[in-house]
Each structure stands twice: as structure tokens, then as C-alpha cells.
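Colleague: Take a look at this one; I'll ask things after.
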Amino acid sequence: MYKFLLAFVLVLTSLGSWAQTPHQATMYDGVYQTLLKRSYFPIDEERCSGPLHSLIEKASRGENIGWDILEVKALSCMDPHSSVAPLSVEFDEFGILHLKPVESEASVASSRLDGIRYITMRNFALGVTHKLAEALYQAQNETIIIDLRGNPGGRVSELISAANFFAPHKDAPMFVTHYKSSRRVVVADVEGYFANNSICILVNEKTASAAEIFAAILKNWGGARVLIVGEKTFGKSTVQVRIPNIESLINLVVTVAEITIGSVEQNMLLHRVAIKPDLQDKIPHDVPGFTKTLQIVRGYYGVQISNNLD
């Protein structure tokens, strides 16, 4: 009996070692296979044979490895200033690597004052479009304030869906995604319900990425009807993927594309340029700041506002 138990333990130990061995050898290849499935990561798999870790080391030194990417750089996993959404790394019971994006819960808050709809969007996480739709309920005839201050961005898919609410017509150009050797034009799916609303967008230096792109799209569509108020934004409009190295706590940040606003002909740069507000003013996050925003909107659009806040 004891011999049987000892043999059983030895078998389990060997199986455990077998399951652990591929982790180090194939971890980067597992990341590679995951990234290949993403539509915005156009890599020719046949031209990128070999362990991924050797390829990304070469890419980080600036060597040409045949990837359709713009940049590879190393960044500490602990860097608090990184604007790239982190990925959690998990191994299942079979030793297979899985990557899962770590993102905040979708956050949209709304209040209503006579003739004014005040909407705060804290991110562009999964589900934010649905919450924005709820916040915009019965707002067709109202002036809309969208507060994007401190919004770090999020999912490009959510940004596209949210922008559709304000599209002037179907196929209105949103932005162009520029890869190293190709490009993709993104247009509106429908004419938006709020295409003719007056819109004031609040931004600051922490408004970044998808939030900046969203604001720039609405401004490009609406012209003088869309008023941007606040401070110069962060200035980031790239599509990036973070490849984590568990052992060294170093991320390889792969920039796969850059986004410009409007059509191919317009090609308005946003990355490192940022958005310069129509009215530059630091609006505080308090009651006086809220009152100041309402005064700006009332003066610009001629909206009569009472004190009946819902």
C-alpha cells in the first residue's frame, strides 16, 4: 500500500514538473499567439518564426524583424505613469498562458438642469456606451456638457460606439488608423440621435487616448456647435499592446498604430500635439467650477438656466 502511494506521489510530481516546464520556454510564444488573434495587430506569422522573446529583444534594439509595428520599448511593470492598459497573466491547469486586460468598471454619471444635460465620463471601459445611452435619454433638445477631465481613455471599440450617438450622417469619417504598411478608415455606422445638439466638452491635462480622440471627433463633426473648454490634453493617440515579462517585471510596449482624426484627406494629428481648447481655463472640480461651466455654456449658446437640478 505504501509503495503504491509513493508511486502515486512520484507520478503527480513528474506531471507537475511537466506542466511547469513549458511555462518558461513558451510564455512569450503564448503571448504572441494571443496577440495574433487581435484584428488590430497585423503580423505575418510566417515571417516571424522562432521564439517570440528573441524577436522582441531584437525589435527593442531597433532591428527589423518583419513586424508591421511602429515601435517597441521596455517599460517597468511598476511604472505609475504608464498610460498603457495592463494585462494580467494567468496559467490554467494545463499550463496554457492566458492574457486578460485589467480595466476599470465603466463609469458615467448624469445630472439635468433646465435645458442642460451634464454627463461625466471617467473612462472608456467596456459597457460605457450603454451607460452613456442611459445618460442621454430624452436629451435630443438639450445642450449637452460632457466632462472628460481625468479620463485616461480605454477601449477603441467603446469610443467608436459612443461617437456614433453624435454622427452627422452615416459614413461620417471618425479617424484613420495608420499601421506601418497599411491603414484603416473608421466611419460612423449611423446618423446619431444627437447630431444637432450643442455640446460643451470639458478636458484637462489628464484627458488622454480614447477620450482625446472622442473629443476631437465630435469637434471635427460639429465645428462651432461643439465647444471645448479647459486645459490642453495629454496628447496620445496610438494603439499599444503591453507584453509582460513576469520574471524581470519589464513590459515591452508595442505600438502597433497611430490614429489621426477625420478622413484620410484631413489627417489631423493628435499624438504629441494634443487638443488645445477653444476656451482655455482651469475649471475646478467643485460647485464653483460647476457654476462657472454653466455660465460659460449659457454665454456661448444663450441657454437660459434656472436652479432646478435633477
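Colleague: Regarding the stretch 252-273, can at least one residue be identified that is modelled with pLDDT of 95 or more, acidic (Asp, Glu) and in contact with a strand residue (DSSP E or B) (Cβ under 8 Å, 6 or more places away or on another chain)?
Modeller: No, the stretch 252-273 has no match at all.
Colleague: Looking at the structure I just gave you, is Gly235 modelled with pLDDT of 95 or more and either surrounded by fewer than 19 Cβ atoms within 10 Å (Cβ to Cβ) or part of a loop (DSSP other than H, G, I, E, B) (or both)? Please lay out each step first, then the result.
Modeller: Values: modelled with pLDDT of 95 or more: no; either surrounded by fewer than 19 Cβ atoms within 10 Å (Cβ to Cβ) or part of a loop (DSSP other than H, G, I, E, B) (or both): yes.
So Gly235 does not fit the description; no.
Colleague: Next question. Collect the residues in the stretch 263-288 that are under 15 Å from Pro173 (Cα atoms) and part of a loop (DSSP other than H, G, I, E, B), keeping them in residue-number order.
Modeller: Answer for the stretch 263-288, where residues must be under 15 Å from Pro173 (Cα atoms) and part of a loop (DSSP other than H, G, I, E, B): Ser263, Val264, Glu265, Gln266, Asn267, Leu269.
Colleague: Another one. Determine, yes or no, whether Ala195 is touching a residue at least 40 places away in the same chain (Cβ under 8 Å), among the small types (Gly, Ala, Ser) and more than 21 Å from Ile283 (Cα to Cα).
Modeller: Against the criterion (touching a residue at least 40 places away in the same chain (Cβ under 8 Å), among the small types (Gly, Ala, Ser) and more than 21 Å from Ile283 (Cα to Cα)), Ala195 does not qualify.
Colleague: Still on this structure: Just to be sure before I move on: is His169 in contact with an Asp or Glu (Cβ under 6 Å, 6 or more places away or on another chain) and at pLDDT below 95 in the structure I sent?
Modeller: On the way: in contact with an Asp or Glu (Cβ under 6 Å, 6 or more places away or on another chain): yes; at pLDDT below 95: no.
When the stated conditions are applied, His169 does not pass them.
Colleague: Let me ask another. All but one of (1) at pLDDT 95 or above; (2) outside any loop (DSSP other than H, G, I, E, B); (3) β-branched (Val, Ile, Thr) hold for Val241; state the number of the condition that does not hold.
Modeller: Every condition holds for Val241 apart from (1).
The values are calculated or read from the model by the stated rules, or taken from the named source; none is laboratory data. Just so it is clear, the structure is predicted and the values come from calculations on it, not from any experiment. In this analysis, Cβ positions are derived from the backbone assuming ideal geometry, glycine residues included, and neighbour counts consider all displayed protein chains.
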